[in-house]
Amino acid sequence: MVMSANPSQIAPDGQSTMTIQGFRPDGTRLSPQTQVTVVTDLGTMQPFDETVAGGVTVVEVGQDGIARARLVADGRIGTATVTASTSTGAASATAAVLIGEDPNSRPVVVMSANPSTIPVGSTSLISLLGRNSDGSAVGAGQRIRLTADLGDLQCDGAPGGGCTEVFTDANGDAEATFVAGSRGGTGRVSAILGSSDEVTVDINIRDAVASVFLSADVQSVQRVEGGTDVNLLALLQNFQGEPVSGSSVLFESERGSLSDNRVVSNAQGESTTVLTVTADSVRDIPPGGTFEVTATVLSEGVTHIATLSITVLGAP
């Protein structure tokens, strides 16, 4: 009889899957439904589909010739010796599982985010690979604890879509989805597998424009041949009312000419340009009439437009 533990090192609240294979003297596998008793001197043994009785678990060989049980740590630290034997005692096997911290045998988590740069409110797929210290995949059902900032995590089966932990599949892999909030910056997801070191992955969350405000230093212009200058200012803010820098603003005016029609916002979220209005450019507008100036910003697929009316004074 042979038995293996996966993983062979777990946290004080972790679990390890015990795989037991028995053979007759002629080399054939034990028959299905053959009973195997599994005991441990540290922690508790649990079968997959039976109740625990006094820390002793009786499991049956399946159709594949394999019996399976699970060692569940109970908070105590040390090396658990798990023993499996047939009901007759004719065959037995042991396996050791280290419970607690050991820098040389702790599991590791490999984590990545795809994509690693997203706009606010968007998602990134978090891929997690659970590995033993020797590089082999951890067994199925191993818990990976997760935390995130500047966003939330979602995973299958989590109530309300929230997610604080995922469990590995047969390949030691797991997934979660990071959902960015409404604030730009660097989001971070952290993961711990059993007694592993914490690993993190950063996600760049691009800020988005939520509102555009357009203002001018004067609200009216006179009809003068040399022209009147109007200083225009577009202020860009995010969902928190904070300035958004690095966004392109398109200025347009029904009359006059602009010194720059496309200006990138600065660190204060401001874009400025100068509108020059000459007498000829407003000759057809009656006294007290108006024309419009607009500032347009395209941010993360959403178009924002701010409009301002300028009044024309004086006779044509």
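The values are calculated or read from the model by the stated rules, or taken from the named source; none is laboratory data. In this text, all values refer to a predicted model and were calculated from it rather than measured experimentally. Please note: Cβ atoms are built from the backbone with ideal geometry, for glycine as well, and neighbour counts cover all protein chains shown.
Which of the following residues is under 30 Å from G269 (Cβ atoms), among the polar types (S, T, N, Q) and free of Cβ contacts under 8 Å to residues at least 40 places away in the same chain: T164, T186?
Among T164, T186, only T186 is under 30 Å from G269 (Cβ atoms), among the polar types (S, T, N, Q) and free of Cβ contacts under 8 Å to residues at least 40 places away in the same chain.
Among (1) surrounded by 12 or more Cβ atoms within 10 Å (Cβ to Cβ); (2) part of a loop (DSSP other than H, G, I, E, B); (3) of a type in the set (G, A, S), which single condition is A315 missing?
(1)
In the range 102-126, which residue that is in a loop (DSSP other than H, G, I, E, B) and surrounded by 13 or more Cβ atoms within 10 Å (Cβ to Cβ) is modelled with the lowest pLDDT?
Step one: filter the range 102-126 for residues in a loop (DSSP other than H, G, I, E, B), giving 102-107, 115-116, 120-122.
Within this subset, residues satisfying the condition of being surrounded by 13 or more Cβ atoms within 10 Å (Cβ to Cβ) are 102, 105-107, 120-122.
Details: D102: 57, S105: 66, R106: 76, P107: 86, V120: 89, G121: 88, S122: 91.
Ranking the qualifying residues of the range 102-126, first place goes to D102.
From the residues in the range 142-191 that are among the basic types (K, R) and assigned to a strand (DSSP E or B), which one is modelled with the lowest pLDDT? Walk me through how you get there before you give the answer.
If we filter the range 142-191 for residues that are among the basic types (K, R), which is where we start, we get 143, 145, 183, 188.
Add one more test, that the residue is assigned to a strand (DSSP E or B), and what stays is 143, 145, 188.
On the way: R143: 90, R145: 94, R188: 95.
By that ranking, first place goes to R143.
Conditions tested, residue by residue: (1) assigned to a loop (DSSP other than H, G, I, E, B); (2) in contact with a strand residue (DSSP E or B) (Cβ under 8 Å, 6 or more places away or on another chain); (3) not assigned by TED's automatic domain parsing to the domain that holds P119.
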{"site": "D229", "(1), (2), (3)": "no, yes, yes"}
{"site": "L235", "(1), (2), (3)": "no, yes, yes"}
{"site": "Q240", "(1), (2), (3)": "yes, no, yes"}
{"site": "G246", "(1), (2), (3)": "yes, yes, yes"}
{"site": "E252", "(1), (2), (3)": "no, yes, yes"}
{"site": "Q268", "(1), (2), (3)": "yes, yes, yes"}
{"site": "T272", "(1), (2), (3)": "no, yes, yes"}
{"site": "L275", "(1), (2), (3)": "no, yes, yes"}
{"site": "T294", "(1), (2), (3)": "no, yes, yes"}
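Across the range 283-301, what is the total count of residues that are of a type in the set (D, E) and in contact (Cβ under 8 Å) with a residue 40 or more places away in the chain?
So the first thing to find is which residues in the range 283-301 are of a type in the set (D, E), and the list is 284, 292, 300.
Checking which are in contact (Cβ under 8 Å) with a residue 40 or more places away in the chain leaves us with 300.
Final tally of qualifying residues: 1.
Pick from the range 177-191 the residues that are in contact with a Ser or Thr (Cβ under 9 Å, 6 or more places away or on another chain) and crowded, with 16+ Cβ neighbours inside 10 Å: which of them is nearest to T296 (Cα to Cα)?
For the range 177-191, the residue satisfying everything is A180.
Considering each of L71, L129, L42 in turn, give the residue that is surrounded by 12 or more Cβ atoms within 10 Å (Cβ to Cβ), at pLDDT 85 or above and closer than 30 Å to G184 by Cβ.
Numbers: L71 fails: closer than 30 Å to G184 by Cβ; L42 fails: closer than 30 Å to G184 by Cβ.
Residue meeting the stated conditions: L129.
Kindly provide the set of residues from the range 127-141 that are assigned to a strand (DSSP E or B) and charged (D, E, K, R), ordered by number. Steps first, please.
In the first step, residues of the range 127-141 are kept if they are assigned to a strand (DSSP E or B); the result is 127-131, 137.
Correct list: R131 only.
Here are some conditions: (1) aliphatic (A, V, I, L, M); (2) modelled with pLDDT under 90; (3) in contact with an Asp or Glu (Cβ under 8 Å, 6 or more places away or on another chain); (4) surrounded by 20 or more Cβ atoms within 10 Å (Cβ to Cβ). I77 meets all but one. Which one does it not meet?
Only one criterion is unmet by I77, namely (4).
I want to confirm something. Restricting to the range 192-227 and keeping residues that are assigned to a loop (DSSP other than H, G, I, E, B) and among the polar types (S, T, N, Q), which single residue is modelled with the highest pLDDT? First the steps, then the outcome.
Kept after step one, since they are assigned to a loop (DSSP other than H, G, I, E, B), are these residues of the range 192-227: 194-198, 207-210, 217-219, 223-227.
In the following step, the residues that additionally are among the polar types (S, T, N, Q) were identified as 195-196, 219.
Details: S195: 77, S196: 85, Q219: 94.
The extreme case among them is Q219.
Do we have any residue at all in the range 254-261 that's in a loop (DSSP other than H, G, I, E, B), within 30 Å of E175 (Cα to Cα) and either in contact with a helix residue (DSSP H, G or I) (Cβ under 7 Å, 6 or more places away or on another chain) or of a type in the set (F, W, Y) (or both)? Quick ask: steps written out before the conclusion?
Here is the first cut: in the range 254-261, the residues in a loop (DSSP other than H, G, I, E, B) are 254-256, 259-261.
So of that shortlist, the ones also within 30 Å of E175 (Cα to Cα) come out as none.
No.
Restricting to the range 204-237, name every residue that is farther than 30 Å from G289 by Cβ, surrounded by fewer than 20 Cβ atoms within 10 Å (Cβ to Cβ) and out of contact with any Phe, Trp or Tyr (no Cβ under 8 Å at 6 or more places or on another chain).
Within the range 204-237, N204, R206 qualify.
Of the residues that make up the range 269-282, is at least one touching a residue at least 24 places away in the same chain (Cβ under 8 Å), small (G, A, S) and over 30 Å from G181 (Cβ atoms)?
The answer is yes, given that some residue of the range 269-282 is touching a residue at least 24 places away in the same chain (Cβ under 8 Å), small (G, A, S) and over 30 Å from G181 (Cβ atoms).
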